[in-house]
1. Under the rule of -39500 (n - 2.57) per DSSP H run of 4 or more residues, summed and divided by the residues of the chain, what mean residue ellipticity at 222 nm is obtained, to the nearest 500 deg cm²/dmol?
2. Taking amide H positions as placed in the peptide plane 1.01 Å from N, state which residues far from L45 in sequence (5 or more) or on other chains have amide H under 5 Å from it.
3. Using the scaling law 2.2 N^0.38 Å as the reference, what is the normalised Cα Rg of the stretch 2-191?
4. How much net charge surrounds R163 when only the other residues with a Cβ under 10 Å from the Cβ of R163 are counted, with Lys and Arg +1 and Asp and Glu -1?
5. Arranged from highest to lowest average of other beta-carbon atoms within 10 Å per residue, in what order do the peptides 168-181, 66-79 appear?
6. Using 0.36 nm times the number of residues separating T54 and N40, minus their current alpha carbon distance, what extension gain do you get?
7. Name all residues of the stretch 53-76 having a backbone nitrogen under 16 Å from the label point set 7 Å from the Cα of T83 along its Cα→Cβ direction, giving them as ranges.
Amino acid sequence: MSQRIVDHFNQSAQTALASGESLADDILRASEAMLDTLDNGGKLLLCGNGGSATDAMHFSAELLVRFQKERKALPAVALVSDTATLTATGNDYAFDQIFSRQIEALAASGDHLVVITTSGNSPNILNAVSASQKKEGVRVTALTGRDGGALASMLNQGDYELRVPSDSTARIQEAHAIIIHCFCDLIDQHYCGEH
């Protein structure tokens, strides 16, 4: 059992290193797009399911409060956080509309939707992206894994997919956490004058 634990750490490290090597340039480009949104008065809208929902809340908290540097609060909305809205939408409409309904109301031109999904196939995530595409000037960054799922073919030019090279949900989620911390660090550097 001890070796099984060591194997988890080794597999996680291997996935993290492979992700860093294959995604560094795309992480940089996506973060620059997010900074363009924030610099021009837009906000980030964040969503995911299960563990990815907590990643969305984590990212939002790092922007609204702080990551490592003291800087101004930045506008980020975790669409997973409003229990009343989520349950009302799920009850009155359908679970697959819990994010798209909010995007319909909250997204504006210049905003940036960040979707976090290990499979790329969750109907509520696909509907969220579809709803954002009906709004002019909303960009999308998708954190995915496996083969990108149905989401990969939905993205428009100017959107970003950061696909972790793994088929393991746990390893994908761990890499997503590092990617989010990369975003947070690059955002800190931008606003704290350390380029």
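Bear in mind these aren't lab numbers, they're just calculated from the coordinates by the rules spelled out. Predicted model, so just to flag it, every value in this text is computed and none were measured. Note that we place each Cβ from the backbone using ideal geometry, even for glycine, and neighbour counts take in every protein chain shown.
1. Counting only the DSSP helices, I get -18500 deg cm²/dmol.
2. Hits under the 5 Å cutoff: V77, H112, L113, V114.
3. The reported ratio for this selection is 0.99.
4. Charge balance in the 10 Å sphere: -2.
5. The peptides rank, most packed first, as 168-181, 66-79.
6. 2.4 nm
7. Backbone N within reach: 54.
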